[in-house]
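The values are calculated or read from the model by the stated rules, or taken from the named source; none is laboratory data. Note that the structure is a prediction, hence the values are computed from the model and not measured. Here Cβ is always computed from backbone atoms with ideal geometry, including for glycine, and neighbour counts include all displayed protein chains. In case anyone asks, the SASA skips ligands and DNA or RNA and just uses the protein heavy atoms, side chains included. Shrake-Rupley method; radii C 1.70, N 1.55, O 1.52, S 1.80 Å.
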Amino acid sequence: MDNIKAIKDYAKKLGLTNISETEFDSFVVPSDGYKFMVNCLESEYQYRNQKAKERRIKQARIPAYKTFGEFDTEFQSGISKEQLNTLSNLNWIDNIYNLILLGPPGTGKTHVALAIGNRALEMGYKVFFCSMDTLIHILKTHEISRASATKLNYIKKCHLLIIDELGYLPIDKIETNMFFQLISYLYEHTSVIITSNKGFDGWADLLGDTVLATALLDRLTYKCQVISLSGDSYRLAHRQNIFKELQK
Ligand code: ADP
Ligand code: MG
């Protein structure tokens, strides 16, 4: 028992939280020291992995859980099952490809981005999700706000940055410049997903500077898949009617 206490004390000093807090009776094999050591280290390893995953999920700020399985490719013909499969296996994130999802409201852009984000989190990638609006806020305030600084530091370390809804609010020249600096920083080490209701032609107007918009598109689209979703809004087509529900 003294040995176990010593192990737990040393584990605590070494920051091996799980070992230091485990009641060993359940799996200790006193006669087999190696096996015991392996069990200890394995459970510490699993504990740390789990904690790291929980931290990553929290830091990613993904607003909803959407899956590839829920996505109806019959309704949305702008993306095929094969394309969804390719996107879901995430090799493209390892190869630092970007993804731009274009299309009118309700066509499933955010759904696809969320499904990728959730998959990437499950597979151990660091992900950050934000609207374009929030991203601009982070970029504008990171020098005076600790919360923004923390988020920006995290974005810079991510494997995947998802920027939702470029195009709903106009962006001025200074903001565009900050955005361009960030995209340049991330270039070739972080995959970026952008969803937008505007086509590339509309981006120059939106970003208020044709030269910067061209340079930005040049960087973003160098290694990039562009997918245009089209058709009717899934929301409108599947609108839920409160009266119909209540009469069931
Ligand atoms: P967008 O970002 O293009 O405006 P969303 O991805 O937010 O559209 O889609 C609106 C809603 O409709 C969401 O709840 C989403 O899950 C659902 N949706 C959109 N397209 C599909 C689809 N093809 N199959 C299943 N659900 C869909
Ligand atoms: Mg959306």
Quick check for region 81-239: number of Lys pairs with alpha-carbon distance under 19 Å, counting only pairs 8 or more apart or on different chains? 11
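Assuming 0.36 nm per residue, please report the length gained on full extension of the stretch Glu82 to Glu188 beyond their Cα-Cα distance.
Details: separation 106, 0.36 × 106 = 38.16 nm, distance 2.54 nm.
Here the answer is 35.6 nm.
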Could you provide, to the nearest whole Å², the per residue accessible area of the chain with probe 1.4 Å? 60 Å²
Of the heavy-atom accessible surface of the chain (probe 1.4 angstrom), what whole percent is carbon and sulfur? 52 percent
What residues have an amide H closer than 5 Å to that of Ile193, excluding those fewer than 5 places away on the same chain, when H is modeled at 1.01 Å from N in the peptide plane? Leu99, Leu161, Ile162, Ile163
Lys173-Arg235 FRET efficiency (beta carbon distance; Förster radius 35 Å; 0.05 resolution): 0.55
Backbone N within region 157-201 under 16 Å of label point (7 Å from Tyr97 Cα along the Cβ vector): 160-161, 188-194
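What does the C-alpha gyration tensor say about the overall shape of region 1-103? Classify as rounded when a/c is under 1.5, otherwise prolate if a/b is larger than b/c, or oblate. Mind dumping the intermediate values first?
Details: a/c = 3.71, a/b = 3.18, b/c = 1.16.
Judged from the Cα gyration tensor, region 1-103 comes out prolate (a/c at least 1.5, a/b above b/c).
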Restricting to lysines and to Cα separations under 19 Å from Lys5, and discarding same-chain partners fewer than 8 apart, the set is Lys13, Lys35
